[in-house]
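Only one structure is covered here, and it is reproduced in the block below.
The values are calculated or read from the model by the stated rules, or taken from the named source; none is laboratory data. A quick note: this is a predicted structure, and the numbers were derived from the prediction, not measured. Heads up, the Cβs are rebuilt from the backbone with ideal geometry, glycines too, and the neighbour counts pull from every protein chain shown. Note: accessible area is taken over every heavy atom of the protein model, side chains too, but ligands, DNA and RNA are not part of it. Shrake-Rupley method; radii C 1.70, N 1.55, O 1.52, S 1.80 Å.
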Amino acid sequence: MNPAGGRKRWIILLAITVLVLAGAGSYAAVAFQRFQDSRSAASAVSAASGGALPAASFVMFRNTAPGQGYGMAGTVPLAAPSGQRLLAAEACDRIYGTARNVICLKTNRGLVTNFEAVLLNREWQPTGRWAVPGIPSRTRMSADGSLVSTTVFVSGHSYGASGFSTETSITRTDGGPGTGNLEDFALLVNGSQVTAADRNIWGVTFVPGDADAFYATAASSGRIWLVKGSMSARTLTAVHDGVECPSVSPDGSRVAYKKNTGTALAAHWKVAILDLASDKETVLAEPRSVDDQIEWLDDGTLLYGLARDGAEGDSDIWQIKADPSAVASLYIEHAWSPAVVR
């Protein structure tokens, strides 16, 4: 082999590599500048900086209006959902909260992207934070603010479709012991324990007035269940089939959720409600696919987010009566991840 020729090939390869990296860096810099420019433009909605959570009842959400404040946590009065929104200085992918504290799941982008959960007080000041192992997906908080659930997308599970799965846990905001990964709980279906390696748990919702109980979705071997969890017994007991991302009603009598009426590869999510006492399922007439964890506005009305057509990164919150013939209507434009706080 000719040493001079070998060195020449290495020099050419190095030059090509430098050019590729320079081009990628230039593209990233331009894209980041465009993103910053879009964030500095005037907001598409009436908004102001808020110093604390409102004293009166309100709705909390992620602001998706283009311009200043995009991605920030925001609130509007429950009595005036279309009114001026107060925006915090905290950017969140998913948000939920109570009158005294807030949980914010966020992505920290940089040379190395990481993900974290941030606990905030009513003045929007951080009181705790912890790393989460993947892309934020769902979060909920118990009514008294003592429990926080997080669901994130993770990679590396050999049994997950396309290498992706979820990881869900419950954390105590007082610093007490949490649950760890809910996949470690015993999953019980028809009295038998499911031990298959592909167990997957997501979408926790807490039971009003019961500090030990929660509902979630569990899946294994192609089957999906609504499960009732016990933190003290570390069990998940299946109570109904085909329920995803449940949300318990304020009176604790029903669960709203998304129900796949399509296929595994082409899902179509209908809004459904399960009466826990009678086990009766009601599917609502909303024709659009609702891929969200539903929130209850009150015992008779549901809220959920839908992506805005033709506007990447933007979304709206819709409302619909818990009635099979009801028609949805716009509730808060340019918003996502609602939490109703009374």
Here the tail fraction of P(r) beyond 17 Å, over all Cα-Cα pairs of region 237-308, rounds in percent to 40
Per GNM of the chain with C-alpha springs under 10 angstrom, the most fluctuating residue out of 305, 203, 50 is 50
Rounded to whole Å², per residue accessible area for the chain with a 1.4 Å probe reads 48
Options (i) 139; (ii) 130; (iii) 181 are given for volume of the Cα convex hull per residue in Å³, and the computed one is (iii)
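Once Rh for region 146-250 is found with the Kirkwood sum over Cα pairs, what is the Stokes-Einstein diffusion coefficient at 20 °C and 1.002 mPa s, in µm²/s?
Working: Rh = 13.9 Å.
In µm²/s, the coefficient rounds to 154.
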Carbon/sulfur accessible area of region 98-215, % of total, 1.4 Å probe, equals 51
Within the set 239, 76, 204, GNM on the chain using Cα springs under 10 Å gives the largest fluctuation to 239
Counting only protein heavy atoms and leaving out ligands, DNA and RNA, the solvent-accessible surface of residue 205 at a 1.4 Å probe, in Å² to the nearest 10, equals 10
Singleton cysteines, the chain, no second Cys beta-carbon under 4.7 Å -> 245
Kirkwood Rh over alpha-carbon pairs of region 74-166 plugged into Stokes-Einstein at 37 °C, 0.692 mPa s gives a D in µm²/s of 225
Check: C-alpha center region 293-311 vs C-alpha center region 60-76, spacing in Å is 16
Under a 1.4 Å probe, counting only protein heavy atoms, residue 212 has an accessible area in Å², nearest 10, of 50
In whole angstrom, the spacing between the Cα centers of region 191-265 and region 101-131 equals 26
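Using helices alone, what [θ] at 222 nm do you get for the chain, with -39,500 (n - 2.57) per DSSP H run of 4 or more residues, divided over all residues and rounded to the nearest 500? Mind showing how you got there, number by number?
Numbers: 1 runs with 38 residues, N = 342.
Helix-only estimate at 222 nm: -4000 deg cm²/dmol.
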Taking placed amide H atoms and a strict 5 Å upper bound, the residues 5 or more places from residue 244 or on another chain that come that close are 258
Reported to the nearest 10 Å², residue 281 has, with a 1.4 Å probe, an accessible area equal to 60
For residue 259, counting only lysines whose alpha-carbon sits under 23 Å away and dropping same-chain residues fewer than eight positions off, the answer is 228, 270, 280, 321
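Within the accessible area of region 238-331, what % is carbon and sulfur when the probe is 1.4 Å and the other protein chains stay in place? Display every interim value, and only then the final one.
Values: 2150 of 4140 Å².
Roughly 52 percent, rounded to a whole number.
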Per-residue accessible area, 1.4 Å probe, largest first, puts 206, 214 in the order 206, 214
If unit charges are put on Cβ atoms (+1 for Lys and Arg, -1 for Asp and Glu) and the dipole of region 83-187 is taken about its Cα centre, the option from 142, 91, 155 lying farthest towards the positive end turns out to be 91
Among trypsin sites (Lys or Arg not before Pro) in region 201-246, those in a DSSP loop whose Cβ has at most 14 other Cβ atoms within 10 Å are 234
Whole-Hz Karplus couplings 3J(HN,Hα) for region 337-342, θ = phi - 60° and coefficients 6.51, -1.76, 1.60, Gly and Pro as x, run 6, x, 9, 8, 10, 10
